[in-house]
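The values are calculated or read from the model by the stated rules, or taken from the named source; none is laboratory data. None of the values given here were measured: they were computed from a predicted structure. Glycine also receives a Cβ, built like all others from the backbone with ideal geometry; neighbour counts cover every protein chain displayed. Areas reflect the complete protein model, heavy atoms only, side chains present, ligands, DNA and RNA absent. Shrake-Rupley method; radii C 1.70, N 1.55, O 1.52, S 1.80 Å.
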Amino acid sequence: MILRTFGWSFGVTILGLILAFLYGSWTALALVAVLSILEISLSFDNAVVNAKVLERMSPFWQKIFLTIGIAIAVFGMRLVFPVLIVVITANLGPIEAFDLALNEPDQYHHAMEEAYPTIAAFGGMFLLMLYLNWVFEDREHKWLTWLERPLVRIGKLEQLPVVVAGGLIALIAANWADD
């Protein structure tokens, strides 16, 4: 039963560990093993959220989510996206950036560090937009009704989170940003 359910996962994991060993011997094998364990343990909370979302979907959309969505999350965000960031910020071609990642890790690391402010700004703005959409949303249960009712009322302005986030980033850029 376990092999039937997780056979492909075990196979891909073993293949990845073998490739890591062939690429960088025992050090790379240990690094990939530790990162795999970390990734698996940190993914459990996402699995719970995904299960709640999936139970409301039709079987067709469940399959789409579990194939395309997981492929994008796993390969896109962990393999393609970092290389794409280096492609854009370091003004390199995709093959050059991938080659840099594999063969010149110090230069790749430097390129990623140079892109850090852009990455942090994008991630911070994404989280701020999620928060603002939640703050201005009308919910059944309210904790601080004296504060939440007015926020829900002004939250009926559809683009208010965008305006607040834009104003906040302009304020921060004008007063505290060095570059």
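Accessible area per residue for region 12-80, computed on protein heavy atoms with a 1.4 Å probe, is 81 Å².
Projecting the Cα atoms of F98, W134, P82 onto the charge dipole of region 36-179 (Cβ charges, centred on the Cα centre) puts W134 farthest toward the positive pole.
With a 1.4 Å probe and all protein chains left in place, how much of the accessible area of region 1-101 comes from carbon and sulfur atoms, in whole percent? Don't jump to the answer; show the numbers that get you there.
Values: 6250 of 8040 Å².
Exposed carbon and sulfur together represent 78 percent of the surface.
Contour minus end-to-end for L151 and M1, with contour as 0.36 nm per residue of separation and end-to-end as the Cα-Cα distance?
Details: separation 150, 0.36 × 150 = 54.00 nm, distance 5.16 nm.
Between L151 and M1, full extension yields an extra 48.8 nm.
Taking chymotrypsin sites (Phe, Trp or Tyr not before Pro) as candidate sites, keep only those in a DSSP loop with at most 13 other Cβ atoms within 10 Å, then name the longest stretch of the chain containing none of them.
Working: sites that count: W143, W176.
With a cap of 13 other Cβ atoms within 10 Å, the longest stretch comes to 1-142.
The relative contact order of the chain, computed from alpha carbon pairs under 8 Å that lie at least 6 residues apart in sequence, is 9 percent. Measuring between their Cα centroids, region 82-132 and region 135-150 lie 38 Å from each other.
Determine the calculated [θ] at 222 nm for the chain from helices alone, applying -39500 (n - 2.57) to every DSSP H run no shorter than 4 residues and normalising by the residue count; nearest 500 deg cm²/dmol. Mind showing how you got there, number by number?
Details: 7 runs with 135 residues, N = 179.
It lands at -26000 deg cm²/dmol.
Here region 94-138 is assigned +1 on the Cβ of each Lys and Arg and -1 on the Cβ of each Asp and Glu. Its dipole about the Cα centre then comes out at about 160 debye. Pairwise Cα distances in the chain exceed 22 Å in 67 percent of cases.
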